[in-house]
Amino acid sequence: MAVAAARSGFRRMFSVSAFAPTKPPLSAPKADPSPRLFVSGLSKRTTTDGLRNAFAQFGEVVDARVVTDRTSGYSKGFGFVKYATIEEAAKGIEGMDGKFLDGWVIFAEYARPSSQLRQPQQSRGPPSVTLICWHHVSVAPATDIDLVSCNKNMAGKK
């Protein structure tokens, strides 16, 4: 019986199905249609005016913004465009998704509400700190008592 189980395990290990690719992870759910679009794949040279002008040919752009790095001022590679109506936003997606802007292929989709993006983070207590003394190493939440006892132990061992 053990030999039969070993053989079936051996066969499974070398079968084609053992090396079959795993199922791809589920993609994020699509956002509901809205007048606000999320645009990704932007060049770092793309400006807010350039983004506005590119999308304005498909409808009335109420607002456009390229998200930029605070220190360099360059684009972070994504931005947002807000149209006056959902129909104009649909035309903007159809007209610009997969097209070139400033030499880069960009992607346009309906933006998700910010409430869907932010997940509440669970508090796990104080951060762990590694305390290193010549006589011990511990990874635990650091307290003043740990530091004092560590310093006393080191002073007494000199």
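The table that follows gives values for the structure above.
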{"item": "Amide proton proximity set for ALA64, modelled H, under 5 Å, gap of 5+", "result": "LYS82"}
{"item": "Accessible surface, region 56-100, averaged per residue in Å² (probe 1.4 Å)", "result": "62 Å²"}
{"item": "Separation of the ALA84 and ARG70 label points, Cα + 7 Å toward Cβ, nm", "result": "3.7 nm"}
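The values are calculated or read from the model by the stated rules, or taken from the named source; none is laboratory data. The structure presented is a predicted model; accordingly, all values stated were derived computationally and were not measured. Heads up, the Cβs are rebuilt from the backbone with ideal geometry, glycines too, and the neighbour counts pull from every protein chain shown. Just so you know, the surface numbers come from the protein's heavy atoms only, side chains and all, with ligands and any DNA or RNA stripped out. Shrake-Rupley method; radii C 1.70, N 1.55, O 1.52, S 1.80 Å.
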